[in-house]
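Q: Structure in structure tokens, see below.
The values are calculated or read from the model by the stated rules, or taken from the named source; none is laboratory data. Predicted, not measured: the structure shown is a model, and the values here were computed from it. Virtual Cβ from ideal backbone geometry, glycine too; neighbours counted across all protein chains shown. Heads up: the accessible areas ignore ligands, DNA and RNA and are worked out on the full protein's heavy atoms, side chains in. Shrake-Rupley method; radii C 1.70, N 1.55, O 1.52, S 1.80 Å.
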Amino acid sequence: MCAYANNQHQLGKDIGNDPRESSFYQALALCDGVLVVLDAKATPFTRIWCAFEEATAVTMDDAARPGKGHFLLDIATVPSGNPEKAELLTDGLSPEEQKMEATRQEYPGEKSGWLAKSEREQSFPIGVVQEALRKLCVVLAEASKKEDKRNILNCIVGRKGSELHLEPLATHPKYDEVNETLMSIFAELVIRKALAEGLPLTSLVKALREGTARKALRFTFSQLENFGAAELEAVSEALHEKLESLSMAFESCSRLADVAPLGAGLEKLQALTSLDLNFT
């Protein structure tokens, strides 16, 4: 939060020219993760400092935060129709769901923590996600100060020192990586809800297929009554060739009588080192 990351009486000193030396970056390097709080218009994806924090969250390597491990990215919103209840998409399991999953490892008949997570997240408003997918583009994000946007875009593409004052590039693979990674995260988290509600999957499949910087995906489709061969084929099309780890659960998907469509999806995964499929 800006109020705590920066000295509000000396903002220029705390922010400076290089975003990697700013109080924002230093705070992120100390954290376990980021919580993105979205309004109905997904406004944080239109602001350049928010874009910088999101870009940092998906690209910061272990060298910048030794001993911290995987950087978490959680997403929250409050539905307009129910302002008293926050909805949360979590990067991995919540503490309670972790306990459930640990119990299930010992007692296989118990409920999966991953299924509990999927059910909890199913109430996240899909409209907010669709708005986020529509607005996600770091190069279009706005800034109160023009030089902030210039410095941040140059920082994202790897420029340093005096290069930060150059005119930002209109396009760059690093912009694409940030956009595509964030879109893939959203798509992975909400595809179960989209399937449950019979919504079009085109944008989610595209986001997952293009998010090639993400090497691991996990899907829990367990107990989806309308999940059949057509849905499995759509999910298979979403798998990209650089995946190294894939976990998919189809427990009690009673309409799934033929898993052949999954074959084409798995066949192209030449980098895969870990595969977990559950058809119980």
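Q: For the chain, would you read off the P(r) tail past 35 Å as a percentage of all alpha carbon pairs?
A: 21 percent
Q: Would you mind getting the accessible area per residue of the chain, heavy atoms of the protein chains only, 1.4 Å probe, in Å²?
A: Heavy-atom SASA per residue in the chain reads 52 Å².
Q: Report the local net charge at ALA86: Lys and Arg +1, Asp and Glu -1, summed over other residues whose C-beta lies under 13 Å from its C-beta.
A: Cβ neighbours under 13 Å give a net charge of -3.
Q: While we're on this one: Which three extents, in angstrom, do the Cα atoms of region 14-157 have along their principal axes, listed largest first?
A: Result, largest extent first: 57, 40, 24 Å.
Q: Related question: List the relative contact order of the chain as a percent without decimals, with contacts defined as Cα pairs under 8 Å and 6+ residues apart.
A: Relative contact order for the chain comes out at 14 percent.
Q: Related question: Which of ARG255, ARG150, ARG218 ends up with the largest GNM mean-square fluctuation for the chain, with Cα atoms connected below 10 Å?
A: ARG255
Q: Determine, from the Cβ-Cβ distance of LYS85 and CYS31 and an R0 of 25 Å, the FRET efficiency 1/(1 + (r/R0)^6), rounded to the nearest 0.05.
A: Once the sixth-power term is evaluated, E becomes 0.45.
Q: Among LEU89, LEU204, LEU72, which one shows the highest mean-square fluctuation when the chain is modelled as a Gaussian network with alpha-carbon springs under 10 Å?
A: Of LEU89, LEU204, LEU72, the most mobile in the Gaussian network model is LEU72.
Q: Write down the radius of gyration of region 98-191 and its Dmax, each obtained from C-alpha positions, in Å.
A: 19.9, 60
Q: In the chain, what percentage of the DSSP-assigned beta bridges are antiparallel, given to the nearest 5?
A: Around 15 percent antiparallel, to the nearest 5.
Q: Still on this structure, I have one more. Mind checking Rg over Rh on region 149-214, alpha carbons, Kirkwood formula for Rh?
A: 1.18
Q: Would you calculate a helix-derived [θ] at 222 nm for the chain, using -39,500 (n - 2.57) for each DSSP H run of n ≥ 4 and dividing by the full residue count, to the nearest 500?
A: Rounded to the nearest 500, it is -12500 deg cm²/dmol.
Q: Here's something else I'd like to know. Given 4 °C and 1.567 mPa s, compute D for region 134-280 with the Stokes-Einstein relation, Rh being the Kirkwood radius over Cα pairs; round to the nearest whole µm²/s.
A: 76 µm²/s
Q: Mind listing P(r) for region 59-134? All alpha-carbon pairs, 5 Å bins, whole percents.
A: Pair shares across the bins are 3, 14, 17, 17, 16, 15, 12, 6, 1.
Q: Pairs of Cα atoms under 8 Å, at least six residues apart: use those to get the relative contact order of region 155-280, whole percent.
A: Normalised by residue count, the contact order of region 155-280 is 22 percent.
Q: Quick one: 3J(HN,Hα) in Hz for region 29-34, Karplus 6.51/-1.76/1.60 with θ = phi - 60°, rounded, Gly and Pro as x.
A: 5, 8, 8, 7, x, 10
Q: Give the average over all directions of the projected area of the C-alpha convex hull of region 32-97, one decimal, in nm².
A: Mean shadow area of the hull around the Cα atoms is 5.5 nm².
Q: Mind jotting down the distance between the C-alpha centroids of region 262-279 and region 146-215, whole Å?
A: 25 Å
Q: Of the candidates SER247, SER184, SER118, which one comes out as most mobile in a Gaussian network treatment of the chain with C-alpha springs shorter than 10 Å?
A: Taking springs between Cα atoms under 10 Å, the residue moving most is SER247.
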